[in-house]
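The values are calculated or read from the model by the stated rules, or taken from the named source; none is laboratory data. Only a predicted model underlies this, so the values are computations on that prediction, with no experimental measurement involved. The accessibility values were calculated without ligands, DNA or RNA, using every heavy atom of the protein model including side chains. Shrake-Rupley method; radii C 1.70, N 1.55, O 1.52, S 1.80 Å.
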Amino acid sequence: MTVNKKTTQRQGFKTTEFIVYPAHGVGQILAIEEQEVAGAKLELFVINFVKDKMTLRVPTAKIASVGMRKLSEPAMVKRALETLKGRARVKRTMWSRRAQEYEAKINSGDIVAIAEVVRDLYRSEQQPEQSYSERQLYEAALDRLSREISAVQHITETEAVKEIEGALAKGPRRGPKPAEGAAAEDETDEETDKVEDEAA
(Lines give C-alpha, C1' and ligand atoms only; values in the text may rest on other atoms or scores of the structure.)
Protein backbone atom coordinates (compact mmCIF):
# COMPACT_ATOMS: atom_id res chain seq x y z
CA MET A 1 0.00 0.00 0.00
CA THR A 2 1.65 3.21 -1.13
CA VAL A 3 0.66 6.40 0.56
CA ASN A 4 1.29 9.49 -1.52
CA LYS A 5 -0.68 11.66 0.86
CA LYS A 6 0.71 12.93 4.12
CA THR A 7 2.07 10.32 6.46
CA THR A 8 0.36 10.39 9.82
CA GLN A 9 2.44 7.81 11.64
CA ARG A 10 6.16 7.09 11.99
CA GLN A 11 8.25 5.18 14.52
CA GLY A 12 5.16 4.47 16.60
CA PHE A 13 4.31 8.17 16.88
CA LYS A 14 1.34 9.74 15.15
CA THR A 15 0.17 13.24 14.37
CA THR A 16 -1.83 15.11 17.06
CA GLU A 17 -0.18 12.90 19.70
CA PHE A 18 1.44 14.53 22.74
CA ILE A 19 5.04 13.48 23.34
CA VAL A 20 7.89 14.33 25.70
CA TYR A 21 11.02 15.82 24.20
CA PRO A 22 13.72 15.79 26.91
CA ALA A 23 15.14 19.23 26.26
CA HIS A 24 11.75 20.97 26.01
CA GLY A 25 9.15 18.87 27.81
CA VAL A 26 5.67 18.13 26.51
CA GLY A 27 4.96 18.91 22.87
CA GLN A 28 2.40 17.91 20.26
CA ILE A 29 3.17 16.38 16.88
CA LEU A 30 1.46 18.63 14.34
CA ALA A 31 2.58 16.86 11.19
CA ILE A 32 5.11 14.57 9.56
CA GLU A 33 6.73 16.43 6.69
CA GLU A 34 9.12 15.54 3.93
CA GLN A 35 11.77 18.07 3.07
CA GLU A 36 14.61 18.01 0.62
CA VAL A 37 17.89 18.90 2.24
CA ALA A 38 20.99 18.99 0.03
CA GLY A 39 19.35 16.70 -2.50
CA ALA A 40 18.34 14.11 0.09
CA LYS A 41 14.77 13.55 1.21
CA LEU A 42 14.33 13.96 4.91
CA GLU A 43 11.27 13.04 6.92
CA LEU A 44 10.56 15.29 9.87
CA PHE A 45 8.26 15.38 12.86
CA VAL A 46 6.85 18.89 13.27
CA ILE A 47 6.46 19.34 17.03
CA ASN A 48 4.74 22.27 18.65
CA PHE A 49 5.51 23.41 22.21
CA VAL A 50 2.58 25.71 22.96
CA LYS A 51 3.93 27.05 26.23
CA ASP A 52 7.29 28.00 24.70
CA LYS A 53 5.62 29.29 21.51
CA MET A 54 8.07 27.15 19.58
CA THR A 55 7.91 24.67 16.73
CA LEU A 56 10.64 22.10 16.31
CA ARG A 57 11.40 19.93 13.29
CA VAL A 58 13.05 16.65 14.22
CA PRO A 59 14.17 14.06 11.65
CA THR A 60 12.06 10.93 12.23
CA ALA A 61 15.24 8.83 12.19
CA LYS A 62 16.72 10.87 15.04
CA ILE A 63 14.01 10.55 17.65
CA ALA A 64 15.68 7.68 19.48
CA SER A 65 18.96 9.56 19.81
CA VAL A 66 17.24 12.72 21.11
CA GLY A 67 15.25 10.63 23.57
CA MET A 68 11.77 11.63 22.39
CA ARG A 69 9.19 9.43 24.06
CA LYS A 70 5.49 8.91 24.52
CA LEU A 71 3.73 10.39 27.54
CA SER A 72 4.24 8.39 30.72
CA GLU A 73 1.79 5.66 31.59
CA PRO A 74 -0.56 6.52 34.50
CA ALA A 75 1.39 4.04 36.67
CA MET A 76 4.59 6.01 36.01
CA VAL A 77 2.85 9.27 36.91
CA LYS A 78 1.73 7.62 40.15
CA ARG A 79 5.34 6.63 40.84
CA ALA A 80 6.48 10.21 40.25
CA LEU A 81 3.82 11.48 42.66
CA GLU A 82 4.93 8.88 45.24
CA THR A 83 8.52 10.11 44.77
CA LEU A 84 7.37 13.60 45.80
CA LYS A 85 6.25 12.24 49.17
CA GLY A 86 9.71 10.90 49.96
CA ARG A 87 12.39 12.58 52.02
CA ALA A 88 14.47 15.15 50.16
CA ARG A 89 17.95 13.89 49.39
CA VAL A 90 20.35 16.77 49.23
CA LYS A 91 24.01 16.01 48.66
CA ARG A 92 26.54 18.02 50.55
CA THR A 93 28.39 19.12 47.44
CA MET A 94 28.90 22.61 46.07
CA TRP A 95 25.74 24.23 44.73
CA SER A 96 27.17 24.60 41.21
CA ARG A 97 27.76 20.84 41.08
CA ARG A 98 24.28 20.06 42.40
CA ALA A 99 22.69 22.59 40.05
CA GLN A 100 24.31 20.76 37.11
CA GLU A 101 22.93 17.45 38.35
CA TYR A 102 19.43 18.93 38.75
CA GLU A 103 19.65 20.46 35.27
CA ALA A 104 20.67 17.08 33.83
CA LYS A 105 17.74 15.37 35.55
CA ILE A 106 15.27 17.98 34.26
CA ASN A 107 16.57 17.58 30.71
CA SER A 108 16.67 13.78 30.92
CA GLY A 109 12.95 13.69 30.20
CA ASP A 110 12.58 11.04 32.91
CA ILE A 111 9.42 11.88 34.88
CA VAL A 112 10.66 10.23 38.10
CA ALA A 113 14.03 12.04 37.91
CA ILE A 114 12.17 15.33 37.40
CA ALA A 115 9.96 14.54 40.41
CA GLU A 116 13.15 14.00 42.47
CA VAL A 117 14.30 17.52 41.58
CA VAL A 118 10.91 18.97 42.59
CA ARG A 119 11.05 17.04 45.87
CA ASP A 120 14.66 17.99 46.66
CA LEU A 121 14.20 21.70 45.92
CA TYR A 122 10.74 22.10 47.43
CA ARG A 123 10.42 24.55 50.32
CA SER A 124 7.35 24.71 52.53
CA GLU A 125 6.20 27.94 54.17
CA GLN A 126 8.12 27.11 57.33
CA GLN A 127 11.43 26.52 55.57
CA PRO A 128 14.12 29.06 54.67
CA GLU A 129 13.88 30.95 51.40
CA GLN A 130 15.38 29.46 48.26
CA SER A 131 18.17 31.18 46.43
CA TYR A 132 17.32 32.61 43.00
CA SER A 133 18.99 29.75 41.13
CA GLU A 134 17.30 27.11 43.32
CA ARG A 135 13.96 28.75 42.62
CA GLN A 136 14.68 28.78 38.86
CA LEU A 137 15.46 25.06 38.82
CA TYR A 138 12.48 24.25 41.03
CA GLU A 139 10.15 26.19 38.73
CA ALA A 140 11.61 24.48 35.64
CA ALA A 141 11.17 21.00 37.13
CA LEU A 142 7.69 21.81 38.44
CA ASP A 143 6.71 23.12 35.01
CA ARG A 144 7.92 19.97 33.22
CA LEU A 145 6.23 17.68 35.73
CA SER A 146 2.90 19.53 35.77
CA ARG A 147 2.77 19.70 31.96
CA GLU A 148 3.20 15.97 31.63
CA ILE A 149 0.75 15.13 34.42
CA SER A 150 -1.84 17.46 32.91
CA ALA A 151 -1.39 15.84 29.47
CA VAL A 152 -1.61 12.29 30.87
CA GLN A 153 -4.57 12.92 33.17
CA HIS A 154 -6.37 15.39 30.86
CA ILE A 155 -6.50 18.06 33.55
CA THR A 156 -5.32 21.67 33.51
CA GLU A 157 -1.75 22.52 34.49
CA THR A 158 -3.09 24.41 37.52
CA GLU A 159 -4.85 21.24 38.68
CA ALA A 160 -1.66 19.26 38.05
CA VAL A 161 0.35 21.72 40.16
CA LYS A 162 -2.23 21.36 42.97
CA GLU A 163 -1.82 17.57 42.77
CA ILE A 164 1.98 17.90 42.94
CA GLU A 165 1.80 20.30 45.88
CA GLY A 166 -0.63 17.96 47.63
CA ALA A 167 1.86 15.11 47.30
CA LEU A 168 4.72 17.33 48.54
CA ALA A 169 2.66 18.31 51.58
CA LYS A 170 2.45 14.64 52.58
CA GLY A 171 6.20 14.20 52.85
CA PRO A 172 8.49 13.45 54.55
CA ARG A 173 7.04 10.16 55.65
CA ARG A 174 7.32 9.08 59.25
CA GLY A 175 8.15 5.48 59.99
CA PRO A 176 9.71 2.93 57.67
CA LYS A 177 9.52 3.53 53.95
CA PRO A 178 7.84 0.92 51.75
CA ALA A 179 10.30 -1.34 49.94
CA GLU A 180 11.60 0.01 46.63
CA GLY A 181 9.51 -1.07 43.69
CA ALA A 182 6.64 -2.11 45.93
CA ALA A 183 4.06 0.41 44.85
CA ALA A 184 1.43 0.85 47.50
CA GLU A 185 -1.67 -0.53 45.84
CA ASP A 186 -4.07 0.47 48.57
CA GLU A 187 -4.96 4.06 48.01
CA THR A 188 -5.34 5.05 51.63
CA ASP A 189 -4.90 8.74 52.04
CA GLU A 190 -3.39 9.41 55.39
CA GLU A 191 -5.38 12.54 56.09
CA THR A 192 -4.38 12.40 59.75
CA ASP A 193 -0.74 12.70 58.70
CA LYS A 194 -1.35 16.01 56.98
CA VAL A 195 -0.81 19.02 59.17
CA GLU A 196 -2.16 22.14 57.55
CA ASP A 197 -0.87 24.91 59.71
CA GLU A 198 -2.13 28.03 57.97
CA ALA A 199 -1.90 30.26 61.02
CA ALA A 200 1.85 30.00 61.41
Report summary line: Whole-Hz Karplus couplings 3J(HN,Hα) for the stretch 121-134, θ = phi - 60° and coefficients 6.51, -1.76, 1.60, Gly and Pro as x, run 9, 5, 10, 7, 3, 7, 8, x, 4, 8, 6, 4, 5, 5
Query raised in the report: Could you sort Asp110, Asp120, Asp143 by accessible area so the largest value comes first, with the probe set to 1.4 Å?
Result: Asp110, Asp143, Asp120
Requested in this report: Could I get the Rg over Rh figure for the stretch 21-95? Both from C-alpha atoms, Rh via Kirkwood, rounded to two places.
Outcome: 1.15
**Report entry** Potential lengthening between Ala169 and Ala88 on full extension [0.36 nm per residue; Cα-Cα distance subtracted]
**Finding:** 27.9 nm
Report summary line: Expected field for Ser124, accessible surface area in Å² at 1.4 Å probe radius, rounded to 10, holds 30
**Report entry** Debye equation applied to the C-alpha atoms of the stretch 1-147, log10 I(q)/I(0) at 0.17, 0.20, 0.22 Å⁻¹
**Finding:** -0.97, -1.19, -1.35
Report task. Would you mind calculating the gained length between Gln28 and Ala99 on full extension (0.36 nm times residue separation, minus the Cα-Cα distance), in nm to one decimal? Result -> 22.7 nm
